[in-house]
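Beneath this line is the structure, given in structure tokens, with notes to follow.
What follows is calculated from the coordinates using simple rules that are stated; it is not laboratory data. Bear in mind the structure is a predicted one, so any value in this text is a computation, not a measurement. When we count neighbours, we look across all protein chains shown, and the Cβ atoms used for this are built from the backbone with ideal geometry, even at glycine.
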Amino acid sequence: EHITYKENPWSGGGNAGPAFEVLVGGLELGTLVFMNLRLDEKGEFLIKGERYSRMSRRIVDTGYGLERFVWASTGKPNIYDAIYPELTADLFAESGVIHELNDERYRTILSEHAKLSGIMSVDTDSKLRDLRKIVVKRLEAAGYKISVEELEKIMTPLENVYAIADHTRCIAFMLADGVVPSNVKSGYLARFLIRRTLRLMEEQKIKTPLHELVLRQYEGIRELIPKNEYNTIKDTIKKMLVLETSRYAETIEKGEKLIRKETAKVGKGGKISLEKLIEFYDTHGIPPAVVQKVAREQGIIVEVPDAFNSIIAERHLKASKKEIEEAEKASCESSLRDDKLIEDKIRDKDMYRYPPTKLLYYEPEHEMDKSGEFTVFSWKDGEVVLDATIFYPEGGGQPCDRGFLEVDNEKYEVVDVQKVGEVVVHILDKKYSKISKKEGIRVKGSIDWNRRMAHTRHHDATHLIIAASREVLGPHVWQTGSQNEEEFARLDITHYAKLTREELLKIEMRANELVLEDLPIEKKFMDRVEAEKKFGFRLYQGGAPTGGWLRITNIPGVDAEACGGTHANRTSQIGMIKIIKSERIQDGVERLVFSAGLAAVKAVQRIENYLYDSSEIISVSPENLPSSVRRFFEEWKSRGKEIEELKRRLGELLSKQLIENAEVVDGVRIITYVSDKDIKELMAISERIVKEEKVLLIFATSKGEKGPSVLAARSKDVNVNCAELVSEAEKIIGGKGGGRADFASGGGGDILKIEEGIKASKEKARRLALGI
Ligand SMILES: [Zn+2]
């Protein structure tokens, strides 16, 4: 009798429909949405300013706020105190906030906020301060006098603590679901929340590490996590959050420098624009609160709109909306688009009309068939459709089989195999493109078995490596892409940090152990719902296929995936697995490149060759290579230092000699020196000489940056302008130069005229020294 139903049309995400809100005592506990409309510019229904038209599908979507039931039944002033009583109490205690719910005035303040918070909306730029003003008025009416500032002082720390409690739960769920914090997609959202929480903790002076708060959230949802994964999940999440916390600290440190640069630019009393704030946040990860704090120290006020996060989210939403639309379009039309691509490859459009080809490579009794006899449904212009096939068509990251079709003692090479809808089309080598044959004839087909097995081994190895990665790195690891070739394969996995060499070795070792355990590889078609129930969503490592039936590849206790590729029967058939390298291809995504079977042996031989080639160069055995290379490197470094020292000593000797041989004019020792030393060395000698008394030098080298170089310098007690000496030389050599009175240099011109130029310059020096 307390329930009220309120009719209110619902819209969102491109759909809409009539809806009922279910309320108790003014609190919405649930909704019932009868979705039957879709966004349509020309639609006949107008809902919240957008047009919709009827769609054929009808969906009933109902949502219940389970936590709101708790709130309604406990009578607490707000939902946070109802569902996080212990966590909020501890956070209040740590941040020194007094949270006395028995105080009548305090309770009233909280309740009034709770009642009104519904009018705050992330869609509109609602001002928090306006809300406070309304609360103040309502409190006054209830007999409690309070200023907006006082109210703010009470509410801000409260709101911070509640936000921390709520965010940490959200983070706990996201990370347990396998989201890895990064700069893209759901990973971006996780990082956004983590950083916001860290900032709020900073504001509340909460020293407990973030991971401890997040891990506390699992105590309440323990039974939702598979028992055998509970400890590893906790361990991984701790690692992720410790890493994210330190990354955030680094960002802030770098960020503060950037902010100071900007504040210096705008100057005291200046303004930092919203655009700049967004740039700081989006490009450098610096939250506006940090900008505010640093700018305040420089006497610059920064205004941050309440809706800042919404503005950012809006921008990302727009970007990701576009992405999602593209992805949806791509996935909805992927079969169509793939068909389009294949259509371009296949000339005969009639191919689409044949009955489905029987896929023998999926049938247990035929999956290992290397050849077979088939009936031709169509053989036109070098494109062949058969009643059944052993040829695997390109798909699911696995290239197609190749081989031959044989008829009338004539062999035709199959170079490409494509699936068009349910029909497999065998495409022959170009030179047979004009050949057509009669419908109904029998043909022998055979496939390149080595190629097939290479693909199969790489495919099976992918399953083992993903399983080994989960074991070594944690249950968050998820496959984001894979591709098999004959010689190698690649597998992209989600992970929060760059893979270390040690981790790679562990993954490789574990994958090879699984090979040697000779485990069965089971393949069967299963009902989708049943398969999901049995194996969970981990099935969809390679993406979720459509349709009610799934082909499940299951290595019992190791890995189960919905997968349409070809597989061996036992893991031992894969042979050796060798991980060749790993690289970070995107924030949060690591790419593993590996080889399996004979390709792995070849890979090891290739790596071995690097080793032997290098050993031969320095004439040591491969096992002594590391120590020899280290020794050579150390020697090379110390020889470099020795050479430097020798050059310095040579320079010392040379400068002594040059001074001794100088021509003395009116007490000034004039030194000229032409060489092919590099300019740096000449500079060093010159610097040493001008420390003496009464010296003047003119140096030249044929090895300057732009051909010949000239430099002139003097000690302080000589009254001669060096720039004049350089320009006198360059008049003849033909370069350009200039400088100060005590040091000048020039470059360029004709190498053959250096001697002559220096001679003229020296003559000038003589005259200047004599004061002529
Ligand atoms: Zn597979």
Sequence-separation-based contact order of region 460-551, relative, with Cα cut under 8 Å and 6+ spacing, percent: 28
Calculated FRET value between SER572 and LYS239, using beta carbons and R₀ = 60 Å, to 0.05: 0.95
Would you mind putting 684-695, 631-642, 367-378, 141-152 in packing order, based on average other-beta-carbon counts within 10 Å, highest first? 684-695, 367-378, 141-152, 631-642
Under a plain spin-label model, where a point goes 7 Å from the Cα along Cα-to-Cβ, how far apart in nm are GLU530 and ASN719? 11.0
Peptides ranked, highest mean first, by Cβ atoms within 10 Å: ranges 212-220, 51-59, 707-715, 424-432: 707-715, 424-432, 212-220, 51-59
Using the Cβ atoms and a cut-off under 12 Å, what net charge is assigned to the surroundings of LYS137, where Lys and Arg are +1 and Asp and Glu are -1? +1
Cα-based Rg then Dmax for region 3-64, in Å, read 12.4, 40
Stretched out fully, how many nm does the piece from ARG630 to ASP177 gain, at 0.36 nm a residue minus the Cα gap? 158.5 nm
Go through LEU27, HIS99, TYR52 and say which Cα lies farthest out towards the positive end of the charge dipole of region 1-157; charges sit on Cβ, +1 for Lys and Arg, -1 for Asp and Glu. TYR52
Please give the FRET efficiency for ASN409 paired with GLN483, using the beta carbon to beta carbon distance and R0 = 35 Å, rounded to the nearest 0.05. 0.40
Mind jotting down the distance between the C-alpha centroids of region 493-534 and region 706-755, whole Å? 73
Efficiency by 1/(1 + (r/R0)^6): what FRET value for ILE607 and LYS736, r their Cβ-Cβ distance, R0 = 60 Å, to the nearest 0.05? 0.65
Quarter of the surface of the C-alpha convex hull for region 63-214, i.e. direction-averaged projected area in nm², equals 10.3
Under the 0.36 nm per residue contour assumption, what length would be gained going from the current alpha-carbon distance of ARG648 and GLU150 to full extension? 172.0 nm
Alpha-carbon centroids, region 215-262 and region 71-110: separation in whole Å: 26
Spacing of the two label points (7 Å from each Cα toward its C-beta) at ALA142 and LEU101, in nm: 1.6
For region 702-742, what's the relative contact order in percent, using C-alpha pairs closer than 8 Å and at least 6 residues apart? 38
Charge context of ARG247, other residues only, Cβ under 12 angstrom, K/R +1, D/E -1: -1
Expressed as a whole percent, how much of the Cα-Cα distance distribution for region 645-770 exceeds 17 Å? 50
Based on Cβ point charges of +1 for Lys and Arg and -1 for Asp and Glu, what charge dipole magnitude is obtained for region 193-288 about its Cα centre, in debye rounded to the nearest 20? 340
Simple Cβ-charge dipole of region 3-64, Lys/Arg +1 and Asp/Glu -1, about Cα centre, in debye nearest 20: 220
Have a look at ILE164, ILE146, ALA511 and report the one farthest towards the positive end of the charge dipole of the chain, computed about the Cα centre with Cβ charges (Lys/Arg +1, Asp/Glu -1). ILE146
The farthest towards the positive end of the charge dipole of the chain, of the residues HIS366, GLN586, VAL665, given +1 on Cβ of Lys and Arg and -1 on Cβ of Asp and Glu, is VAL665
Please report, for the Cα atoms of region 599-658, the Rg to one decimal and the Dmax as a whole number; what are they, in angstrom? 20.2, 68
Gain in length, ARG129 to ILE221, computed as 0.36 nm per residue apart minus the alpha-carbon separation, to one decimal in nm? 29.5 nm
Stokes-Einstein translational diffusion, region 71-315 - Kirkwood Rh over all Cα pairs, 1.567 mPa s, 4 °C, in µm²/s: 65
Size of charge dipole - the chain - debye, nearest 20, with Cβ of Lys, Arg +1 and Asp, Glu -1, no other charges: 1920
Using eta = 1.002 mPa s and T = 20 °C, Stokes-Einstein with Kirkwood Rh from Cα pairs puts D for region 453-611, in µm² s⁻¹, at 136
Using the alpha carbon gyration tensor of region 655-711, what are the three equivalent-ellipsoid semi-axes (square root of 5 times each eigenvalue), largest first, in whole Å? 21, 11, 9
Relative contact order for the chain using alpha-carbon pairs under 8 Å, separation at least 6, rounded to a whole percent? 6
Largest first, please: the extent of the C-alpha atoms of the chain along each principal axis, to the nearest Å. 117, 103, 56
